[in-house]
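A short write-up of the structure that comes next.
Please treat every number below as a calculation from the coordinates, not as lab data. Here the structure is a predicted model, which means the values were calculated and not measured. Every residue, glycine among them, receives a Cβ derived from its backbone with ideal geometry; neighbour counts consider all protein chains shown.
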Amino acid sequence: MTDEGDAKLKEFLAPGEKILKIVKGALKGAHYERLVVTDRRAIVYCPGFLKRNLEDFYYDKISSVEYHEGIISNKIKFHVSSNVKEVDWLAPKEDARAAATLIKEFIAKAHESKGSGKETILIKCTKCGGKNSEEAKFCASCGKKL
């Protein structure tokens, strides 16, 4: 963990979930973001002073990831259902590239296990009815604590 904002990430993790990589970046329209790669999901986290925002993407829900490396900035785009989530200004480049590679590997493994007949246990959100993995602490659709 690199600072107090990163340390607060632990409260959003499921039991046994491990952070593998944290990359500083910015989201369109935001000033301060983190791309966090865990062994279960990619998290876009904004450790704001008064309010924290978190968006997570479980690897089995991501259809693809694009990594773009430029002279000035690097970015990663997540394609989830019909949505595209972009995290821009990732630094340093080596960390951004490593994060993109890790995410792609986890996506491949998640999609392989989907086809293997493994049963996935889902929890239904009481607020919106969204389906979430059993280890999720927050609903992926509405953000309500599960």
Under the rule rounded for a/c under 1.5, else prolate if a/b exceeds b/c, else oblate, using alpha carbon gyration tensor axes a ≥ b ≥ c, the stretch 55-94 is classed as prolate
Would you list Cys128, Cys46 from fewest to most Cβ contacts within 10 Å?
Cys128, Cys46
Within a 10 angstrom radius of the beta carbon, how do Glu94, Glu66 rank from fewest other beta carbons to most?
Glu94, Glu66
